[in-house]
Amino acid sequence: MHYHETSQATKWQLSSQNELNSLRERANRRAREWLAQGSGQTDDGGGDEAQQQQVPSIPLEVFGFAATRGDRSSLTTAGSEDVPVVTDESSPSYGPTHNALKQPFLNPTDECLLLSFYASKIPNMIGPRATLPRCVRAPKVAATACLLFKRFYLSNSVMMFDPKCMSVAAAFLASKVEDCMLDVRYLELATKEMNAPVGMDEILQAEVQLLKGCDFDLLMFHPYKTVLACTEDLRVYLKSDRGRCLVEIDDGGGENPNKHFVDRQVVGEDLRPMHNAAMEICDDVIVSDIPLMYGPGEIGMAALMVANDYVCDEPIMSPDNEQETGLSKHTKIDLIGYIRSRFQDSTNELQVKIDANAIESVVSRVTILSSIIRELKEGKHGCGNHNVDMESLKGVHKKLKKCRAWGQDSSGSKKKKKKRKADE
(Lines give C-alpha, C1' and ligand atoms only; values in the text may rest on other atoms or scores of the structure.)
Protein backbone atom coordinates (compact mmCIF):
# COMPACT_ATOMS: atom_id res chain seq x y z
CA MET A 1 0.00 0.00 0.00
CA HIS A 2 1.31 3.43 -0.96
CA TYR A 3 1.04 6.36 1.45
CA HIS A 4 -1.47 8.24 -0.70
CA GLU A 5 -3.85 5.27 -0.32
CA THR A 6 -3.75 5.25 3.50
CA SER A 7 -6.30 6.84 5.81
CA GLN A 8 -3.67 9.29 7.03
CA ALA A 9 -3.43 10.77 3.53
CA THR A 10 -7.06 10.48 2.44
CA LYS A 11 -8.82 11.25 5.71
CA TRP A 12 -6.57 12.92 8.27
CA GLN A 13 -4.23 15.07 6.18
CA LEU A 14 -5.84 18.50 6.03
CA SER A 15 -5.56 20.74 3.02
CA SER A 16 -4.58 23.98 4.75
CA GLN A 17 -4.33 25.97 7.96
CA ASN A 18 -7.72 27.36 7.03
CA GLU A 19 -9.32 23.91 7.24
CA LEU A 20 -7.55 23.15 10.53
CA ASN A 21 -8.84 26.36 12.10
CA SER A 22 -12.36 25.67 10.84
CA LEU A 23 -12.41 22.20 12.42
CA ARG A 24 -11.19 23.53 15.75
CA GLU A 25 -13.74 26.32 15.69
CA ARG A 26 -16.52 23.82 15.11
CA ALA A 27 -15.36 21.75 18.08
CA ASN A 28 -15.12 24.88 20.22
CA ARG A 29 -18.61 26.00 19.28
CA ARG A 30 -20.15 22.60 20.00
CA ALA A 31 -18.61 22.73 23.48
CA ARG A 32 -19.86 26.25 24.13
CA GLU A 33 -23.37 25.38 23.05
CA TRP A 34 -23.33 22.21 25.16
CA LEU A 35 -22.07 24.04 28.25
CA ALA A 36 -24.55 26.89 27.78
CA GLN A 37 -27.42 24.44 27.42
CA GLY A 38 -26.34 22.29 30.33
CA SER A 39 -25.80 25.22 32.69
CA GLY A 40 -29.06 26.86 31.72
CA GLN A 41 -27.56 30.04 30.26
CA THR A 42 -30.05 32.89 30.12
CA ASP A 43 -29.89 36.56 29.19
CA ASP A 44 -30.29 37.73 32.79
CA GLY A 45 -27.40 35.60 34.11
CA GLY A 46 -29.38 32.80 35.75
CA GLY A 47 -30.06 34.26 39.21
CA ASP A 48 -29.06 32.63 42.50
CA GLU A 49 -29.42 29.09 41.20
CA ALA A 50 -26.57 29.71 38.80
CA GLN A 51 -24.23 30.21 41.74
CA GLN A 52 -24.39 26.47 42.38
CA GLN A 53 -23.39 25.53 38.84
CA GLN A 54 -21.76 22.12 38.59
CA VAL A 55 -21.34 19.66 35.74
CA PRO A 56 -24.27 19.98 33.29
CA SER A 57 -26.83 17.21 33.48
CA ILE A 58 -26.56 16.41 29.77
CA PRO A 59 -24.21 13.40 29.29
CA LEU A 60 -20.79 14.09 27.78
CA GLU A 61 -20.44 12.92 24.20
CA VAL A 62 -17.21 12.12 22.40
CA PHE A 63 -17.41 13.34 18.83
CA GLY A 64 -15.74 11.25 16.14
CA PHE A 65 -13.80 13.02 13.42
CA ALA A 66 -15.62 11.51 10.45
CA ALA A 67 -19.05 12.33 11.88
CA THR A 68 -18.23 16.00 12.46
CA ARG A 69 -15.96 16.89 9.56
CA GLY A 70 -18.72 17.64 7.09
CA ASP A 71 -18.08 18.81 3.54
CA ARG A 72 -14.37 19.46 3.03
CA SER A 73 -14.98 21.92 0.22
CA SER A 74 -16.86 24.21 2.60
CA LEU A 75 -13.94 24.34 5.03
CA THR A 76 -11.46 25.89 2.66
CA THR A 77 -11.69 28.02 -0.43
CA ALA A 78 -9.37 28.21 -3.38
CA GLY A 79 -6.57 30.73 -3.04
CA SER A 80 -6.99 31.17 0.73
CA GLU A 81 -4.91 28.31 2.08
CA ASP A 82 -2.69 30.54 4.22
CA VAL A 83 -5.45 32.78 5.57
CA PRO A 84 -6.65 31.59 9.00
CA VAL A 85 -10.39 31.73 9.59
CA VAL A 86 -11.08 32.94 13.12
CA THR A 87 -14.64 33.86 13.96
CA ASP A 88 -14.96 37.19 15.77
CA GLU A 89 -16.52 36.80 19.21
CA SER A 90 -18.53 39.97 18.62
CA SER A 91 -20.21 38.38 15.59
CA PRO A 92 -23.88 37.44 16.13
CA SER A 93 -23.20 34.02 14.60
CA TYR A 94 -20.37 33.24 17.06
CA GLY A 95 -22.67 31.55 19.58
CA PRO A 96 -22.59 31.57 23.40
CA THR A 97 -19.66 33.40 24.96
CA HIS A 98 -20.42 33.02 28.70
CA ASN A 99 -22.04 30.53 31.03
CA ALA A 100 -24.81 31.25 33.55
CA LEU A 101 -22.31 32.79 35.96
CA LYS A 102 -21.16 35.20 33.25
CA GLN A 103 -17.82 33.42 33.14
CA PRO A 104 -16.30 33.43 29.64
CA PHE A 105 -15.80 30.28 27.60
CA LEU A 106 -12.50 29.55 25.92
CA ASN A 107 -12.20 30.69 22.32
CA PRO A 108 -10.39 28.68 19.60
CA THR A 109 -7.18 30.64 20.12
CA ASP A 110 -7.18 29.78 23.83
CA GLU A 111 -7.68 26.12 23.03
CA CYS A 112 -4.80 26.11 20.52
CA LEU A 113 -2.50 27.51 23.20
CA LEU A 114 -3.45 24.72 25.61
CA LEU A 115 -3.10 22.02 22.95
CA SER A 116 0.38 23.24 22.04
CA PHE A 117 1.43 23.19 25.69
CA TYR A 118 0.15 19.70 26.50
CA ALA A 119 1.42 18.23 23.22
CA SER A 120 4.91 19.51 24.05
CA LYS A 121 4.82 17.54 27.33
CA ILE A 122 4.10 14.18 25.69
CA PRO A 123 7.76 13.49 24.71
CA ASN A 124 8.64 13.99 28.39
CA MET A 125 6.25 11.16 29.30
CA ILE A 126 7.21 8.67 26.62
CA GLY A 127 9.94 8.52 24.00
CA PRO A 128 13.72 9.01 23.95
CA ARG A 129 13.50 12.06 26.25
CA ALA A 130 11.13 10.56 28.84
CA THR A 131 11.82 11.71 32.40
CA LEU A 132 11.18 8.22 33.77
CA PRO A 133 13.73 5.67 32.47
CA ARG A 134 11.08 2.95 32.26
CA CYS A 135 9.12 5.10 29.81
CA VAL A 136 11.99 5.56 27.34
CA ARG A 137 10.84 4.37 23.92
CA ALA A 138 11.61 5.00 20.24
CA PRO A 139 10.86 8.46 18.76
CA LYS A 140 7.97 7.06 16.73
CA VAL A 141 6.04 6.29 19.95
CA ALA A 142 6.12 9.93 21.03
CA ALA A 143 5.18 10.97 17.48
CA THR A 144 2.19 8.62 17.46
CA ALA A 145 1.06 9.90 20.86
CA CYS A 146 1.25 13.52 19.72
CA LEU A 147 -0.68 12.78 16.53
CA LEU A 148 -3.38 10.89 18.44
CA PHE A 149 -3.71 13.82 20.83
CA LYS A 150 -3.96 16.37 18.02
CA ARG A 151 -6.45 14.27 16.06
CA PHE A 152 -8.77 13.89 19.05
CA TYR A 153 -9.09 17.64 19.47
CA LEU A 154 -10.00 18.19 15.83
CA SER A 155 -13.54 17.18 16.78
CA ASN A 156 -13.55 17.74 20.57
CA SER A 157 -12.82 20.59 22.93
CA VAL A 158 -10.56 20.95 25.98
CA MET A 159 -13.58 22.36 27.80
CA MET A 160 -15.23 18.95 27.49
CA PHE A 161 -12.26 16.60 27.99
CA ASP A 162 -9.22 17.13 30.18
CA PRO A 163 -6.18 17.65 27.89
CA LYS A 164 -3.81 16.48 30.63
CA CYS A 165 -5.56 13.12 30.98
CA MET A 166 -5.91 12.84 27.23
CA SER A 167 -2.19 13.43 26.65
CA VAL A 168 -1.29 10.62 29.07
CA ALA A 169 -3.89 8.34 27.47
CA ALA A 170 -2.37 9.15 24.07
CA ALA A 171 1.04 8.08 25.36
CA PHE A 172 -0.40 4.83 26.72
CA LEU A 173 -2.30 4.04 23.52
CA ALA A 174 0.73 4.91 21.37
CA SER A 175 2.82 2.33 23.22
CA LYS A 176 0.31 -0.30 22.11
CA VAL A 177 0.00 0.97 18.55
CA GLU A 178 3.77 0.90 18.03
CA ASP A 179 4.13 -2.50 19.74
CA CYS A 180 6.17 -1.03 22.61
CA MET A 181 3.77 -1.92 25.41
CA LEU A 182 4.11 0.05 28.63
CA ASP A 183 2.55 -0.60 32.02
CA VAL A 184 0.03 2.13 32.74
CA ARG A 185 1.39 2.41 36.27
CA TYR A 186 4.69 3.68 34.89
CA LEU A 187 2.87 6.49 33.11
CA GLU A 188 1.03 7.27 36.32
CA LEU A 189 4.40 7.50 38.05
CA ALA A 190 5.80 9.62 35.22
CA THR A 191 3.04 12.19 35.69
CA LYS A 192 3.91 12.38 39.38
CA GLU A 193 7.55 12.95 38.44
CA MET A 194 6.37 15.84 36.26
CA ASN A 195 4.29 17.27 39.17
CA ALA A 196 1.09 16.74 37.19
CA PRO A 197 -0.35 13.49 38.60
CA VAL A 198 -2.97 11.57 36.64
CA GLY A 199 -4.53 8.45 38.15
CA MET A 200 -4.62 5.07 36.46
CA ASP A 201 -8.43 5.04 36.30
CA GLU A 202 -8.42 8.46 34.63
CA ILE A 203 -5.90 7.26 32.04
CA LEU A 204 -7.92 4.16 31.15
CA GLN A 205 -11.17 6.11 30.89
CA ALA A 206 -9.54 8.75 28.70
CA GLU A 207 -8.09 6.04 26.47
CA VAL A 208 -11.58 4.82 25.56
CA GLN A 209 -12.65 8.38 24.78
CA LEU A 210 -9.51 8.91 22.71
CA LEU A 211 -10.20 5.83 20.60
CA LYS A 212 -13.71 6.98 19.81
CA GLY A 213 -12.63 10.54 19.03
CA CYS A 214 -10.02 9.20 16.58
CA ASP A 215 -12.57 6.90 14.91
CA PHE A 216 -10.54 3.87 16.06
CA ASP A 217 -8.11 4.72 13.23
CA LEU A 218 -4.61 3.96 14.50
CA LEU A 219 -2.53 3.71 11.31
CA MET A 220 0.15 6.43 11.37
CA PHE A 221 3.36 7.37 9.59
CA HIS A 222 6.10 9.71 10.78
CA PRO A 223 9.02 11.61 9.20
CA TYR A 224 11.80 9.81 11.09
CA LYS A 225 11.90 6.95 8.59
CA THR A 226 11.98 9.42 5.71
CA VAL A 227 15.02 11.16 7.18
CA LEU A 228 16.84 7.86 7.59
CA ALA A 229 15.84 6.51 4.16
CA CYS A 230 16.78 9.72 2.33
CA THR A 231 20.12 9.93 4.14
CA GLU A 232 20.94 6.37 3.11
CA ASP A 233 19.89 7.06 -0.47
CA LEU A 234 21.98 10.24 -0.56
CA ARG A 235 25.03 8.33 0.65
CA VAL A 236 24.81 6.12 -2.45
CA TYR A 237 23.36 8.55 -4.99
CA LEU A 238 25.89 11.33 -4.37
CA LYS A 239 28.64 8.94 -5.47
CA SER A 240 27.06 8.48 -8.90
CA ASP A 241 27.91 10.59 -11.92
CA ARG A 242 24.60 12.39 -11.73
CA GLY A 243 24.84 13.03 -8.00
CA ARG A 244 28.44 14.28 -7.78
CA CYS A 245 27.49 17.73 -9.05
CA LEU A 246 24.95 18.16 -6.22
CA VAL A 247 27.44 18.17 -3.35
CA GLU A 248 30.29 20.37 -2.18
CA ILE A 249 32.56 19.21 0.63
CA ASP A 250 34.34 21.96 2.55
CA ASP A 251 37.05 20.94 5.01
CA GLY A 252 37.23 24.45 6.50
CA GLY A 253 40.97 24.78 5.93
CA GLY A 254 43.27 26.91 3.86
CA GLU A 255 43.70 30.66 3.59
CA ASN A 256 40.21 31.06 2.16
CA PRO A 257 38.06 28.48 3.98
CA ASN A 258 34.93 29.37 2.05
CA LYS A 259 36.58 28.21 -1.17
CA HIS A 260 38.54 25.25 0.15
CA PHE A 261 36.52 22.38 -1.27
CA VAL A 262 37.69 18.78 -1.30
CA ASP A 263 37.36 16.64 -4.40
CA ARG A 264 36.39 13.26 -3.00
CA GLN A 265 33.37 11.01 -2.68
CA VAL A 266 30.80 11.47 0.05
CA VAL A 267 31.00 9.01 2.93
CA GLY A 268 28.46 8.27 5.62
CA GLU A 269 30.16 10.46 8.23
CA ASP A 270 29.76 13.49 5.98
CA LEU A 271 25.99 13.14 6.24
CA ARG A 272 25.79 12.36 9.95
CA PRO A 273 25.54 16.02 11.15
CA MET A 274 22.70 16.72 8.73
CA HIS A 275 20.92 13.49 9.70
CA ASN A 276 21.16 14.22 13.43
CA ALA A 277 20.01 17.82 12.99
CA ALA A 278 17.04 16.67 10.89
CA MET A 279 16.03 14.19 13.60
CA GLU A 280 16.07 17.00 16.17
CA ILE A 281 13.95 19.13 13.86
CA CYS A 282 11.45 16.28 13.61
CA ASP A 283 11.22 16.32 17.42
CA ASP A 284 9.84 19.86 17.13
CA VAL A 285 7.64 19.01 14.16
CA ILE A 286 5.78 16.14 15.85
CA VAL A 287 4.45 18.39 18.64
CA SER A 288 3.31 21.05 16.15
CA ASP A 289 0.35 21.20 13.77
CA ILE A 290 2.48 20.41 10.73
CA PRO A 291 1.80 16.60 10.67
CA LEU A 292 -1.90 17.41 10.33
CA MET A 293 -1.30 19.16 6.99
CA TYR A 294 1.76 17.54 5.41
CA GLY A 295 2.80 13.97 4.71
CA PRO A 296 5.77 12.36 6.48
CA GLY A 297 7.75 12.23 3.25
CA GLU A 298 7.41 15.96 2.71
CA ILE A 299 8.24 16.69 6.34
CA GLY A 300 11.31 14.47 6.31
CA MET A 301 12.72 16.04 3.14
CA ALA A 302 11.99 19.58 4.38
CA ALA A 303 13.68 18.74 7.70
CA LEU A 304 16.79 17.61 5.80
CA MET A 305 16.82 20.85 3.82
CA VAL A 306 16.60 22.98 6.95
CA ALA A 307 19.13 20.78 8.76
CA ASN A 308 21.59 21.06 5.89
CA ASP A 309 21.41 24.86 6.09
CA TYR A 310 21.82 24.80 9.87
CA VAL A 311 24.85 22.51 9.70
CA CYS A 312 26.50 24.58 6.98
CA ASP A 313 26.12 27.75 9.06
CA GLU A 314 27.62 26.23 12.21
CA PRO A 315 31.21 27.33 12.88
CA ILE A 316 33.88 24.86 13.94
CA MET A 317 34.92 24.97 17.58
CA SER A 318 38.56 25.02 18.58
CA PRO A 319 40.09 21.73 19.85
CA ASP A 320 39.47 22.78 23.45
CA ASN A 321 35.83 23.69 22.54
CA GLU A 322 36.24 27.08 24.20
CA GLN A 323 35.98 29.40 21.21
CA GLU A 324 34.82 29.48 17.61
CA THR A 325 37.52 29.24 14.96
CA GLY A 326 35.49 31.11 12.33
CA LEU A 327 35.87 28.17 9.99
CA SER A 328 33.02 26.21 8.47
CA LYS A 329 33.43 22.51 7.77
CA HIS A 330 30.41 21.00 6.10
CA THR A 331 28.90 19.03 3.26
CA LYS A 332 26.61 21.26 1.25
CA ILE A 333 23.97 19.35 -0.69
CA ASP A 334 21.56 20.68 -3.27
CA LEU A 335 18.50 18.78 -2.04
CA ILE A 336 16.13 20.44 -4.49
CA GLY A 337 18.41 19.30 -7.28
CA TYR A 338 18.47 15.85 -5.68
CA ILE A 339 14.66 15.59 -5.82
CA ARG A 340 14.58 16.65 -9.46
CA SER A 341 17.48 14.53 -10.71
CA ARG A 342 16.71 11.47 -8.58
CA PHE A 343 13.23 11.09 -10.06
CA GLN A 344 13.70 12.65 -13.50
CA ASP A 345 13.36 9.29 -15.24
CA SER A 346 9.91 8.42 -16.45
CA THR A 347 9.78 5.27 -14.32
CA ASN A 348 11.36 4.50 -10.95
CA GLU A 349 12.51 1.23 -9.40
CA LEU A 350 8.96 0.30 -8.39
CA GLN A 351 7.80 0.68 -12.00
CA VAL A 352 5.75 3.71 -11.03
CA LYS A 353 5.56 6.41 -13.69
CA ILE A 354 6.86 9.78 -12.51
CA ASP A 355 5.15 12.92 -13.75
CA ALA A 356 7.39 15.99 -14.13
CA ASN A 357 4.57 18.24 -12.90
CA ALA A 358 4.21 16.05 -9.81
CA ILE A 359 7.92 16.48 -9.06
CA GLU A 360 7.65 20.26 -9.32
CA SER A 361 4.60 20.16 -7.07
CA VAL A 362 6.60 18.25 -4.46
CA VAL A 363 9.48 20.71 -4.77
CA SER A 364 7.08 23.61 -4.26
CA ARG A 365 5.43 22.08 -1.19
CA VAL A 366 8.75 21.06 0.37
CA THR A 367 10.17 24.54 -0.17
CA ILE A 368 7.15 26.15 1.51
CA LEU A 369 7.28 23.61 4.31
CA SER A 370 10.97 24.27 4.95
CA SER A 371 10.11 27.93 5.55
CA ILE A 372 7.39 26.89 7.98
CA ILE A 373 9.75 24.57 9.85
CA ARG A 374 12.23 27.40 10.32
CA GLU A 375 9.53 29.29 12.22
CA LEU A 376 9.00 26.53 14.78
CA LYS A 377 11.79 27.93 16.98
CA GLU A 378 9.69 31.07 17.27
CA GLY A 379 6.84 29.06 18.78
CA LYS A 380 4.66 29.30 15.68
CA HIS A 381 2.47 26.65 14.03
CA GLY A 382 1.44 25.04 17.31
CA CYS A 383 4.96 24.15 18.47
CA GLY A 384 5.04 24.35 22.26
CA ASN A 385 8.76 23.56 22.55
CA HIS A 386 9.83 27.18 22.07
CA ASN A 387 8.76 30.68 23.17
CA VAL A 388 5.73 29.68 25.22
CA ASP A 389 3.88 32.69 26.61
CA MET A 390 3.46 31.46 30.19
CA GLU A 391 1.45 34.49 31.30
CA SER A 392 -1.14 33.93 28.58
CA LEU A 393 -1.12 30.21 29.36
CA LYS A 394 -1.85 30.85 33.05
CA GLY A 395 -4.72 33.14 32.10
CA VAL A 396 -6.23 30.49 29.81
CA HIS A 397 -5.93 27.87 32.57
CA LYS A 398 -7.84 30.14 34.95
CA LYS A 399 -10.58 30.60 32.37
CA LEU A 400 -10.74 26.85 31.78
CA LYS A 401 -11.24 26.09 35.49
CA LYS A 402 -14.40 28.22 35.49
CA CYS A 403 -16.04 26.90 32.33
CA ARG A 404 -14.96 23.26 31.94
CA ALA A 405 -17.32 20.30 32.03
CA TRP A 406 -14.79 17.97 33.66
CA GLY A 407 -13.11 17.96 37.06
CA GLN A 408 -15.84 19.81 38.94
CA ASP A 409 -16.46 17.11 41.50
CA SER A 410 -12.80 16.34 42.11
CA SER A 411 -11.94 20.01 42.57
CA GLY A 412 -14.80 20.41 45.01
CA SER A 413 -13.66 17.49 47.14
CA LYS A 414 -10.13 18.88 47.23
CA LYS A 415 -11.40 22.18 48.57
CA LYS A 416 -13.32 20.39 51.32
CA LYS A 417 -10.25 18.41 52.34
CA LYS A 418 -8.16 21.57 52.56
CA LYS A 419 -10.84 23.25 54.63
CA ARG A 420 -11.04 20.33 57.07
CA LYS A 421 -7.27 20.36 57.50
CA ALA A 422 -7.36 24.05 58.23
CA ASP A 423 -10.10 23.56 60.85
CA GLU A 424 -8.09 20.84 62.54
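The values are calculated or read from the model by the stated rules, or taken from the named source; none is laboratory data. From a predicted model like this one, the values you see are computed outputs, not experimental measurements. Methodologically, a virtual Cβ is constructed for each residue, glycine included, from the backbone with ideal geometry; neighbour enumeration extends over all protein chains shown. Note: accessible area is taken over every heavy atom of the protein model, side chains too, but ligands, DNA and RNA are not part of it. Shrake-Rupley method; radii C 1.70, N 1.55, O 1.52, S 1.80 Å.
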Subject >> Matching residues, the stretch 157-197, being surrounded by fewer than 18 Cβ atoms within 10 Å (Cβ to Cβ), within 22 Å of the chain's Cα centre (by Cα) and among the charged types (D, E, K, R) >> reply: LYS176, ASP179
Original post:
Do any residues in the stretch 3-22 that are under 21 Å from CYS112 (Cα atoms) have Cβ atoms under 9 Å from those of residues that are basic (Lys, Arg), where the two are at least six apart or on different chains, and which pairs are they?
Top reply: TRP12/ARG151; LEU14/ARG72; SER15/ARG72; GLU19/ARG72
**OP:** Give the stretch 266-323 a look and list any residue that's open to solvent by 50 Å² or more (accessible area, probe 1.4 Å), part of a helix (DSSP H, G or I) and either at pLDDT below 90 or under 27 Å from ALA9 (Cβ atoms) (or both), or say none.
**Re:** GLU269, GLU280, ASP313
**OP:** State yes or no: is VAL136 among the aliphatic types (A, V, I, L, M), more than 18 Å from the chain's Cα centre (by Cα) and open to solvent by 60 Å² or more (accessible area, probe 1.4 Å)?
**Re:** yes
**OP:** Would you be able to say whether some residue in the stretch 158-166 is part of a helix (DSSP H, G or I) and among the β-branched types (Val, Ile, Thr)?
**Re:** no
**OP:** Please indicate, with yes or no, whether at least one residue in the stretch 145-153 is more than 14 Å from the chain's Cα centre (by Cα) and either open to solvent by 10 Å² or more (accessible area, probe 1.4 Å) or without any contact (Cβ under 8 Å) to a residue 40 or more places away in the chain (or both).
**Re:** no
Subject >> Residues (over 21 Å from ALA138 (Cα atoms), open to solvent by 10 Å² or more (accessible area, probe 1.4 Å) and part of a helix (DSSP H, G or I)) located in the stretch 198-209 >> reply: MET200, ASP201, GLU202, LEU204, GLN205, VAL208, GLN209
**OP:** Please verify whether the stretch 143-152 includes one or more residues that are of a type in the set (Phe, Trp, Tyr) and in a helix (DSSP H, G or I).
**Re:** yes
Original post:
Can you tell me which residues in the stretch 356-408 are of a type in the set (Asp, Glu) and assigned to a helix (DSSP H, G or I)?
Top reply: GLU360, GLU378, GLU391
Original post:
Can you name the residue in the stretch 8-20 that is open to solvent by 30 Å² or more (accessible area, probe 1.4 Å) and in a helix (DSSP H, G or I) and, of all such residues, is nearest to PRO108 (Cα to Cα)?
Top reply: GLN17
